[in-house]
Amino acid sequence: DVNYEGISFTRHITATAKILKAGGEVLADIKLEAPVEYMCGRCLAKFPDTFKKEFKTSYEARQGSVVDLDEDIRQEMILDYPMKSLCKPDCKGLCHNCGQNLNIEQCECPSEDDKKKDQKGKGLDL
C-alpha cells in the first residue's frame, strides 16, 4: 500500500521480479508499472499518467525465510515521485488573485505586467 500526498493509484501496481539466489544473497531485479493520478503542481487539477520504474535490490539469504519486497517497492515509488508534477508542460496555473484555472478560462483580473505598469505611474505629478 503506497500512500503519498498528491498521488493516487487508479488500479493495482503491477510488479514483475526476477529472483536469483547467489551465495548468501537473494538478488531481485524488479519492474513496476501502475496507472496513477497526479495533482498538477501549478493548477491543482488531477491528471492520469503511468508510473514506471526498474530497480535492483538484494537481501541476505536465510534458511526458511521469506523475502518481502513490499517496503522496498513502496520506498522506490516514493523516492521516484516527481517533485512537481505538471498536467502539461505549458500549464498556466491558477490566477494569483481569484484562483481561476487559467488553462480552462482566462479571468478578468489584471495581469502582473498590468500591475507593474500601474505602479510605475504612481507618485508622478503631472
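The values are calculated or read from the model by the stated rules, or taken from the named source; none is laboratory data. Predicted model, so just to flag it, every value in this text is computed and none were measured. Counting neighbours? That spans all protein chains shown, and the Cβs are built from the backbone with ideal geometry, glycine included.
Side notes on the structure shown:
- Looking only at region 70-98, and only at residues there that are closer than 20 Å to residue 35 by Cβ and part of a loop (DSSP other than H, G, I, E, B), the one that is farthest from the chain's Cα centre (by Cα): 88
- Residues located in region 64-101, provided they are hydroxyl-bearing (Ser, Thr, Tyr) and without any contact (Cβ under 8 Å) to a residue 24 or more places away in the chain: 65
- Residues of region 37-72 satisfying the condition of being farther than 17 Å from residue 19 by Cβ and among the aromatic types (Phe, Trp, Tyr): 38, 47, 51
- The one condition in (1) out of contact with any Lys or Arg (no Cβ under 6 Å at 6 or more places or on another chain); (2) modelled with pLDDT of 85 or more; (3) exposed (fewer than 13 other Cβ atoms within 10 Å of the Cβ) that residue 12 fails to fulfil: (2)
Rundown of residues vs (1) surrounded by 13 or more Cβ atoms within 10 Å (Cβ to Cβ); (2) in the same structural domain as residue 107 (by TED's automatic domain parsing); (3) over 30 Å from residue 108 (Cβ atoms), yes/no style:
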{"residue": "23", "(1), (2), (3)": "no, no, yes"}
{"residue": "41", "(1), (2), (3)": "yes, no, no"}
{"residue": "65", "(1), (2), (3)": "no, no, yes"}
{"residue": "78", "(1), (2), (3)": "no, no, yes"}
{"residue": "81", "(1), (2), (3)": "yes, no, yes"}
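- Matching residues, region 45-63, being part of a loop (DSSP other than H, G, I, E, B) and either assigned by TED's automatic domain parsing to the domain that holds residue 99 or in contact with a strand residue (DSSP E or B) (Cβ under 7 Å, 6 or more places away or on another chain) (or both): 45, 61
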